Amino acid sequence: MASHFVRWTLAQNRADVQRIPADIVEKAQFLSEKRRSRYLAARMLLAELMLRIYGMSQLPALTTTPNGRPCFTDPDLPDFSIAYAGNMVGVLLAEEQSRAGLDMEIVRAHSRQTLEHHLQFLSSGEKAWINAQQDPLEAITQIWTLRQSVLKLTGENNDCDGSLRLHPASGRLRSHVFPDVQAVCDVEPLLIWSCALSPVTSRLRLWEIDGQQNWNALRDIELNKANMGPHTLRLTSMPTERQLQL
């Protein structure tokens, strides 16, 4: 099987709640209009994924982890991750028994002050890679998106000093919380996205839902290929000390 990343631009579209449990729809009524729209859209995407991949006509019951991350109540169901960027909603569904972390950012949506704030959380190696790129401002957003996807997979936040280090020049990363992880990040004309997944995942399928709510297959990414595209960056876990001793 593969992991699946689907996204949907809200615009004037409204989420179809017929596959969403009533308690989730009721909870959304207490949110502001913008948050309610994104909240329901994300769960609609998740419900449609579960129907398409597993044949489940109704979204299974959801709960949240202690750090507020949504997940299925049934631990045997796959992990997923939700992200928002502008008026776009994205859902990443992992393979069974795997983990997932998704982040999305609009290209050039952040001010220089925000990007400089992001730099405070980056290592010297990450900064060196950024400075070597043709567009350093875009590169900051790409590294930040990569970091956020891994942190969402591990359940951490940016205050976890030193627990995550990216080594983009060598295609490696190191997470002290989750030692086996890979992340693939792509820069599109309007969107930068990153999917963090377990290393056993070999294929990532990309989907987009259009204004008529039709599913369009964008592309399949074979994660084991050496070259996945000119703007695609893939990082994999560095070998642990135990692995080096075996």
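The values are calculated or read from the model by the stated rules, or taken from the named source; none is laboratory data. Nothing here was measured: the structure is a model prediction, and the numbers come from that model. Note: ideal-geometry Cβ built from the backbone for every residue, glycine included; neighbour counts use all protein chains shown. These area figures cover heavy atoms from the full protein model, side chains too; ligands, DNA and RNA do not enter into them. Shrake-Rupley method; radii C 1.70, N 1.55, O 1.52, S 1.80 Å.
The modelled label-to-label distance between M1 and Q213, using points 7 Å beyond Cα along the C-beta direction, is 2.5 nm. Between R35 and N131, the simple spin-label model (points 7 angstrom out along Cα→Cβ) gives 4.1 nm.
Computed in the context of the full set of protein chains, the accessible area of segment 1-127 at 1.4 Å probe radius has 48% of its extent on carbon or sulfur.
Within the same chain, aspartates and glutamates fewer than 8 places from K127 are excluded, and of the rest, those with a Cα less than 15 Å from its Cα are E116, D135, E138. When the Cα positions of A132, P199, I209 are compared along the charge dipole of segment 3-242, A132 comes out farthest toward the positive end, with charges on each C-beta of Lys, Arg, Asp and Glu. The shape of segment 89-246 can be summarised by an equivalent ellipsoid whose semi-axes, obtained from the alpha carbon gyration tensor, come to 23, 21, 15 Å from longest to shortest.
Only helices enter this figure: runs of n ≥ 4 DSSP H residues, each worth -39500 (n - 2.57), summed and divided by the residues of the chain, yield -8500 deg cm²/dmol at 222 nm to the nearest 500.
With Cα atoms defining each centre, segment 17-59 and segment 159-231 are spaced 24 Å apart in the structure. The packing ranking, built from the mean of other Cβ atoms within 10 Å per residue, places the peptides 218-230, 36-48, 73-85 in the order 36-48, 73-85, 218-230, highest first. Ordering 98-108, 60-70 by mean Cβ neighbour count within 10 Å, with the highest value first, yields 98-108, 60-70. Taking amide H atoms as placed 1.01 Å from N in the peptide plane, the amide H of A15 has no partner under 5 Å among residues 5 or more positions away or on other chains. Approximating the spin labels as points 7 Å out from Cα along Cα→Cβ, the H167-to-L51 distance works out to 4.6 nm.
When the charge dipole of the chain is built from unit charges on Cβ atoms (+1 for Lys and Arg, -1 for Asp and Glu) and taken about the Cα centre, the candidate among T64, A183, A41 whose Cα reaches farthest toward its positive end is A41.
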